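The values are calculated or read from the model by the stated rules, or taken from the named source; none is laboratory data. Remember, predicted model here, so these are calculated numbers, not experimental data. With ideal geometry, Cβ positions are generated from the backbone for all residues, glycine too; neighbour counts draw on all protein chains shown.
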Amino acid sequence: MRTLFAISVLALTSVAAPAGAMEPVYAPLTVPDASAAATLPESVSAPVPLTIEPEAPADRVSPATPAAPVSGSILSAVGRGRDILAPVLEDFRRIAARVRLPSLTSPVAVALVVWDKETDEVKLYGGTRNQMKWWADDGTLQFPRIGGAGALAAYRGDDSNVLVVGAVQPNVNFVKKGSYALDYAYYVPYHRHLYAVETLTAGSDYLSYLMSGAFEELNRKRIMSRAFPDKLLTEVIDPYLVKAIAVIEHADGQIYDEHGSEDSLGRFLVKLAVNQDAALSPAVSHAGATGLAQFIPSTYKLMVTKRPDLGLIPDFAAGMADHRNAVIAEVAYLDMELAALQLEVRARYLADKGKAAEFLAASYNAGSPRVRRAFATLGEAWAVDQMPERVRLYNIALHNKGVMESIDVKLAKGGLPASEVKRLKAEHQAAADARYLANAQRAAVKTAALPAETVGYVVKLRKVYDMLAAGFFATPNAPTGALPLAYAR
């Protein structure tokens, strides 16, 4: 089989194609301080928890010793597929280093692990992918592509009992004109039949334990806040904000929808459950941001250089691939952005972390200088879409320009009494002043307004923060001991 894969990769350029939403349950996230006792500001109130009680600590799933997936389960099939694909990934990477494609759309070799739910059989297939579908080298199986790109491409067949539970696929990278290189990665592409209670709860637990472990490490190192130097970093940054940002960075567009945001959160958790450490590593934004925390190389290098006390992994790719390391970098970066905001904003955050989380989320997306400018100029409308206001001011300026032009025509005709000329000139000056003011205000609003992407980021934060703070998809296995911060708008 390994020889088959080698041949598939080397022959890439000549291959031709053959003719339920869940009810949320509540389990709060532990945010331990140095003595393992979490403390929250007195001003923070908590939502009323739902009725499911946490299990005793001895029964909880530890991230170091997770419970073994039950035979016949999705996670069991994914685990077996991961083991099968590990040596395949090594082969593909080794051989692909010598391969160059002539086109971005050239067919590429892809290995899939397919699970038959009825028989619980997991089988490896070598095959080829083009823009429309994937087909097996032996001609026994093919799947249409249903979305995703590069290493994240997803597939769905007609039989809901036959699922792709693992893939080794390439991102295709530009080298020079007429030459593209292959960068292979392991990933479990999302499929709606992976959306189940088992994967939703496993993804929720993974995220909760990830945050808890990162905060424990920060406490163990006694890392102090830059925004509030007398406080531990973990006392300042809310873990539910960190979780929310992870969701926002990777959830699909349905997170905006009134009735679709819960399912969008669920899909993100499913992707975490089936991929865990491999999740989101192939995800690269148009700006080059990578991984769970979506850092760009320059920002991560800044954190490594400026915060040696964090002990971050120096290499960017390795640092982003390590989820705990990425979360630690994210927490420290949020604190750094908070320190750069106005004193009033920092005071608000200290008084009500949930409500002021919007400032930090916007800063994470657009940078604190833009948020400072927006708040200083626009006040409480700092995170509001300013396009309607810019249009209103434009129309005022346009109207007054018309008034000025009309008066100019009247004055040009002549023959008017001196009193009328004086009146028209006064109206002309008033219109000119109003036009100047409207244009100046429009320019100021344009300069101060946050990008539309950042305004949308804040909208998504409100939805995600509410869901996480209310305990959506949380389980009794999650770390417990501290209440989430209520999000009050």
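Descriptive notes on the structure:
- When ALA181, ALA185, ALA167 are checked against the criterion of being part of a strand (DSSP E or B) and out of contact with any strand residue (DSSP E or B) (no Cβ under 6 Å at 6 or more places or on another chain), a single residue qualifies: ALA185.
- Of everything listed in (1) touching a helix residue (DSSP H, G or I) at 6+ places or on another chain (Cβ under 8 Å); (2) more than 25 Å from ASN325 (Cβ to Cβ); (3) among the polar types (S, T, N, Q), the single unmet condition for ASN161 is (1).
- Residues in segment 243-287 that are among the small types (Gly, Ala, Ser) and either assigned to a helix (DSSP H, G or I) or modelled with pLDDT of 90 or more (or both): ALA244, ALA246, GLY253, SER261, SER264, GLY266, ALA273, ALA278.
- Residue in segment 190-242 that is modelled with the highest pLDDT, counting only those that are within 22 Å of ASP322 (Cα to Cα) and among the β-branched types (Val, Ile, Thr): ILE223
- Single unsatisfied condition, LEU163 versus (1) surrounded by 20 or more Cβ atoms within 10 Å (Cβ to Cβ); (2) modelled with pLDDT of 90 or more; (3) under 25 Å from the mean Cα position of the chain (by Cα): (3)
- Test: residue in segment 363-378 that is farther than 30 Å from ALA246 by Cβ and surrounded by 19 or more Cβ atoms within 10 Å (Cβ to Cβ): no
- Some residue of segment 201-219 being touching a Phe, Trp or Tyr at 6+ places or on another chain (Cβ under 8 Å), surrounded by fewer than 24 Cβ atoms within 10 Å (Cβ to Cβ) and not acidic (Asp, Glu): yes
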